[in-house]
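Take a look at the structure set out below.
The values are calculated or read from the model by the stated rules, or taken from the named source; none is laboratory data. The shown structure was predicted, so the numbers you read here are calculated from the model rather than taken from an experiment. Here Cβ is always computed from backbone atoms with ideal geometry, including for glycine, and neighbour counts include all displayed protein chains.
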């Protein structure tokens with residue numbers, strides 16, 4: 001990002017009045033597709049015919065987030081978002097039950113748009129997040145340890161999340177909103193993912209991946225203003 | 001549109017927008033690599049070492065027709081077993097599982113194979129005495145930015161005197177190399193990709209038996225022994241593999257898993273000839289002499305592991321991890337030392353040379369308690385001719401080039417062809433084998 005672009009981004013954030021407006025908590029089902037993680041797990045499964053139960057792909061997960069929308073009378077608001085996503089891949093074989101746990105922690109800034117006059121309860125969020133990931137291998141219920149260290153792979157990257165939701169009022173200041181999101185991580189640098197899963201380095205995958213995902217979930221909103 | 005209508009429509013929208021693409025994407029995403037690739041041809045695997053056996057094992061699991069032809073009269077390549085020498089089965093070739101973060105560690109856990117962590121403490125023969133610590137730590141070869149000089153020269157550059165030469169020789173011997181030929185730089189580059197772990201494990205049964213039982217057993221009927229290959233003609237649609245008795249075998253793909261020494265020596269001719277880049281790459285590999293001698297004694301007078309002998313760089317108690325009352329010392333000899341012992345010409349002469357050195361170290365106890373010995377000289381084995389492949393000075397990307405397939409029809413596997421830092425190991429050979437199978441199936445996509 002060029003310095004000039006960064007300046008405009010900061011200006012945009014500052015220009016939006018920053019006092020409490022809305023607190024939002026959500027929980028969603030997360031469908032995810034990562035070509036490189038798929039490739040690693042597929043290679044793992046392919047190369048180990050002695051394991052009859054195949055390791056599932058990281059496809060289905062859960063996502064939860066907390067968002068804080070800054071006060072603003074305009075239709076376009078901004079806020080910050082902290083999200084956690086969890087994916088699990090477990091295969092039970094005789095003497096060898098392997099579970100892979102993939103965790104994401106994301107801290108994002110978002111723009112929130114709603115226009116009750118035109119859109120009624122519909123809203124949309126665009127969230128830009130810095131993402132960190134942690135991948136862990138458990139074997140037979142225990143963290144897999146070798147050379148006195150846990151098998152793990154950390155990653156870092158960025159994510160773009162486009163969300164569409166619809167407010168439904170429960171009480172005066174309490175709303176719920178069903179929502180869907182398209183989530184795209186163009187770059188997640190995680191050089192040890194292959195080491196953790198397939199126990200090789202540089203054999204079957206790149207040291208980074210992109211991830212495309214979709215979420216469907218429900219958010220609970222505590223809003224300062226009555227809609 | 002009222003709220004109810006909106007919710008109804010948006011519900012359809014959400015479900016349609018998310019679940020239908022998800023379902024479609026899920027149906028395209030297979031847990032297994034290349035599940036949709038069908039290969040109806042025949043694969044010929046040359047060599048029944050760990051790589052050849054695993055390639056066959058994998059092809060069998062995928063329902064692909066294959067045959068393995070092996071030059072010698074036994075499977076295993078640089079793995080083997082010796083029964084009757086002691087009260088346990090001795091691994092005459094590879095005997096340690098190097099690290100537990102690898103495919104074979106997964107196999108042994110899944111098959112409930114018992115292993116023992118080898119926690120043997122190293123001692124050194126230094127300035128004519130046995131010591132447990134050295135004035136300078138000689139394990140200096142895993143640092144970054146090492147120069148492209150030999151282990152021996154690098155040790156001298158770092159101020160290690162000639163009194164360390166035999167210890168450096170033993171360290172290089174771990175790589176199957178002579179210290180004067182193994183590149184400090186390229187070896188350290190290889191080590192950068194080593195992710196298997198630094199712990200060594202020994203098997204209660206033999207390593208060979210583990211591979212034999214779990215990998216080779218299901219494919220034994222596909223292995224043809226005593227069939228040294230002399231030529232491979234891949235000029236026509238069908239590849240013709242011809243053995244030294246001029247018997248021909250036809251295949252659609254060939255996976256060559258012979259030791260790099262065989263390729264370096266051009267013991268198999270190719271038609272068309274292999275690209276110069278390929279043969280140049282083979283030439284850059286080192287594959288030095290290697291020998292294992294098992295010495296049985298009536299008493300255990302020796303250290304668990306001793307580095308620094310001038311006849312044998314590394315003496316190791318072979319019974320670690322075994323249920324045994326026997327005293328068996330392994331003389332692990334590589335590089336120049338193996339070449340010297342090989343030149344002595346007989347097993348008796350080799351044993352005597354080792355006993356003489358051990359007597360010098362242990363005040364004559366070796367000869368006094370000696371019972372028997374057995375020599376496995378891999379240099380003398382006509383279809384192996386050495387220990388294992390190592391990175392020489394100016395190695396460059398020779399390993400990557402050597403491992404590349406030719407015309408999407410000839411594939412290369414084996415420990416030396418492992419391009420992810422695990423060469424010189426059994427699990428590295430296995431990885432190279434499945435990588436060759438993955439590549440050939442990928443190349444076979446219509």
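Summary of computed values
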{"read-out": "Close pairs from segment B:221-236: first touching a residue at least 40 places away in the same chain (Cβ under 8 Å), partner buried (at least 17 other Cβ atoms within 10 Å of the Cβ) and part of a helix (DSSP H, G or I), Cβ under 7 Å, at least 6 apart", "value": "B:222/B:56"}
{"read-out": "Residue, surrounded by the most Cβ atoms within 10 Å (Cβ to Cβ), within segment A:185-226, restricted to residues that are within 28 Å of residue A:116 (Cα to Cα) and more than 12 Å from every other protein chain (Cβ to nearest Cβ)", "value": "A:221"}
{"read-out": "Residue B:63, sole failed condition from (1) out of contact with any helix residue (DSSP H, G or I) (no Cβ under 9 Å at 6 or more places or on another chain); (2) within 13 Å of chain A (Cβ to nearest Cβ); (3) closer than 25 Å to residue B:426 by Cβ; (4) part of a loop (DSSP other than H, G, I, E, B)", "value": "(3)"}
{"read-out": "Segment B:216-243, residues that are closer than 16 Å to residue B:65 by Cβ and either in contact with a strand residue (DSSP E or B) (Cβ under 9 Å, 6 or more places away or on another chain) or at pLDDT below 95 (or both)", "value": "B:219, B:222, B:223, B:224, B:238, B:239, B:241"}
{"read-out": "Meets criteria (crowded, with 22+ Cβ neighbours inside 10 Å and either under 30 Å from residue B:434 (Cβ atoms) or without any contact (Cβ under 8 Å) to a residue 60 or more places away in the chain (or both)) for residue B:145", "value": "no"}
{"read-out": "Candidate set from segment B:190-237 (those that are more than 16 Å from the chain's Cα centre (by Cα) and within 14 Å of another protein chain (Cβ to nearest Cβ)); member that is farthest from residue B:412 (Cα to Cα)", "value": "B:199"}
{"read-out": "Scope segment B:32-81; condition surrounded by fewer than 17 Cβ atoms within 10 Å (Cβ to Cβ), more than 22 Å from residue B:257 (Cα to Cα) and in contact (Cβ under 8 Å) with a residue 40 or more places away in the chain; matching residues", "value": "B:37"}
{"read-out": "One residue from B:280, B:304, B:252 being at pLDDT 95 or above, touching a strand residue (DSSP E or B) at 6+ places or on another chain (Cβ under 9 Å) and closer than 25 Å to residue B:378 by Cα", "value": "B:304"}
{"read-out": "Among the residues listed as B:211, B:255, the single one being assigned to a strand (DSSP E or B) and touching a helix residue (DSSP H, G or I) at 6+ places or on another chain (Cβ under 9 Å)", "value": "B:255"}
